[in-house]
1. Which of the residues that make up the range 312-328 are farther than 20 Å from Leu283 by Cβ and in contact (Cβ under 8 Å) with a residue 60 or more places away in the chain?
2. Please indicate, with yes or no, whether at least one residue in the range 160-176 is of a type in the set (A, V, I, L, M), surrounded by 21 or more Cβ atoms within 10 Å (Cβ to Cβ) and assigned to a helix (DSSP H, G or I).
3. I need every pair where a residue in the range 256-274 that is over 16 Å from Gly211 (Cα atoms) and at pLDDT 95 or above has its Cβ under 7 Å from the Cβ of a residue that is in a loop (DSSP other than H, G, I, E, B) and of a type outside the set (Val, Ile, Thr), sequence separation at least 6 or different chains.
4. Got a sec? Which of Arg77, Arg65, Arg61, Arg72 is at pLDDT below 95, assigned to a loop (DSSP other than H, G, I, E, B) and of a type outside the set (Phe, Trp, Tyr)?
5. Within the set of pairs 6 or more residues apart or between chains, which connect a residue that is loosely packed, with under 13 Cβ neighbours inside 10 Å inside the range 285-301 to a residue that is modelled with pLDDT of 95 or more and not in a loop (DSSP other than H, G, I, E, B) with Cβ atoms less than 6 Å apart?
6. Quick one: which residue in Asp275, Asp236 is crowded, with 16+ Cβ neighbours inside 10 Å, more than 22 Å from Asn75 (Cβ to Cβ) and of a type in the set (D, E, K, R)?
7. Can you tell me how many residues within the range 100-126 are outside any loop (DSSP other than H, G, I, E, B) and either closer than 14 Å to Ser170 by Cα or among the acidic types (Asp, Glu) (or both)?
Amino acid sequence: MGISKNVLGFFIVLVGMVFCVGVNGQPLVPALFIFGDSVNDAGNNNHVSTIVKANFPPYGRDFLRRHRATGRFCNGRLAVDFTAENIGFTSYPPAYLSKKARGKNLLIGANFASASSGFYEPTAKLYHTIPLSKQLEYYKEYQKRIVGIAGQANASSIINGSVYFISAGSSDFVQNYYINPLLYKVYTPDQFSDILIHSYSTFVQELYGLGARRIGVTTLPPLGCLPATITIFGSDSNECVAKLNKAAISFNKKLNVTSQSLQNKLSNLTLVVLDVYQPLYDLVTNTSNYGFAEARKACCGTGLIETSILCDAKSPGTCANATEYVFWDGFHPTEAANNLLSNNLLISGIALIS
């Protein structure tokens, strides 16, 4: 079982007391830099030629006071948004391709994530989104811009003292490997995960070479428990798809081993693996214990498969109250679920802010 809401709430308060979050209005770290896929995308895909977008209703209908779509694949805030709040930020790192990513707004970092990107470069190319290699190029560009905004000394302090979040791999499996005979007929899931892990290792070392010293990477979620994957791969069953969860567990074990190796290899690096598999699996399998009513169907449309352009204002059956649902669309959690997941991430990632 996961950690109860009461314990999580107490821990958040305790973190605030121990680290003095909010005292003098200063967050615990200078800035946040965010890379990866749709779990973290805050609107970058709004600005690229792809159909994988979420900048239209009903996405964003519960997002803060303005209740409008921002490009986040959620009805409201992402887990990384709640994480920013939990460590003292009063606004979120802007999507790097957005108009907000300019001037002093960049002092709190930037979000480079792109939905349908992944550790496997061809996944992003397949969907015309932003691969990690390009996200890294944008980050290099950011570094030059921040020197001009804050000066060399302050820029170095921001780059070295900030937290970097990476979330990728889900799209590689669900939106590429398992539907692509050019992959699943050539590689076993285990072999494909080795390719992803190699890419992950390279990416972390490149970030480190650019000054990153506090990096958090999320595990794969229980891929077989997403509403869309149950619908597509579940053979008319309402149960989690075992083979997809098995692939996720195997990948996550490799992620832990590789991360430990990188931590040992790279001096002064704090590299933390942030587990989302078990917390989300607990939400799916013990739904009512966390105050939710539905985990098989998502809120949007039929709740069985819709995401991105299939989840729009005309989707029939979209739920009235997303707080009762673990999933917003066929692949992504609701704001309520993201809030709980973020609290778990804060606990496992305490080393990144201490």
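The values are calculated or read from the model by the stated rules, or taken from the named source; none is laboratory data. These figures come from a predicted structure and were not determined experimentally. All Cβ positions, even for glycine, are placed from backbone atoms using ideal geometry, and neighbour counts span all protein chains on display.
1. Residues of the range 312-328 farther than 20 Å from Leu283 by Cβ: 312-318, 320.
Those that are farther than 20 Å from Leu283 by Cβ and in contact (Cβ under 8 Å) with a residue 60 or more places away in the chain: Asp312, Ala313, Ser315, Thr318.
2. So in the range 160-176, the residues of a type in the set (A, V, I, L, M) come out as 163, 166, 168, 174.
Now narrow it down to the ones that are surrounded by 21 or more Cβ atoms within 10 Å (Cβ to Cβ): 163, 166, 168, 174.
Filter once more, keeping what is assigned to a helix (DSSP H, G or I): 174.
Yes, because at least one residue in the range 160-176 is of a type in the set (A, V, I, L, M), surrounded by 21 or more Cβ atoms within 10 Å (Cβ to Cβ) and assigned to a helix (DSSP H, G or I).
3. Val272/Gly349; Leu274/Gly349
4. On the way: Arg77 fails: at pLDDT below 95; Arg61 fails: at pLDDT below 95; Arg72 fails: at pLDDT below 95.
Going through Arg77, Arg65, Arg61, Arg72 in turn, the sole match is Arg65.
5. Once the first residue is loosely packed, with under 13 Cβ neighbours inside 10 Å and sits in the range 285-301, its partners that are modelled with pLDDT of 95 or more and not in a loop (DSSP other than H, G, I, E, B) give Ala293/Glu324.
6. Working: Asp236 fails: crowded, with 16+ Cβ neighbours inside 10 Å.
Result: Asp275 is the single residue among Asp275, Asp236 that is crowded, with 16+ Cβ neighbours inside 10 Å, more than 22 Å from Asn75 (Cβ to Cβ) and of a type in the set (D, E, K, R).
7. As a first pass, look at the range 100-126 and keep what is outside any loop (DSSP other than H, G, I, E, B): 103-111, 121-126.
In the following step, the residues that additionally are either closer than 14 Å to Ser170 by Cα or among the acidic types (Asp, Glu) (or both) were identified as 121-124.
Number of matching residues: 4.
Okay, residues lined up against (1) assigned to a helix (DSSP H, G or I); (2) under 23 Å from Phe63 (Cα atoms); (3) not polar (S, T, N, Q):
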site	(1), (2), (3)
Ser98	no, yes, no
Thr129	no, no, no
Lys140	yes, no, yes
Tyr187	no, no, yes
Phe192	yes, no, yes
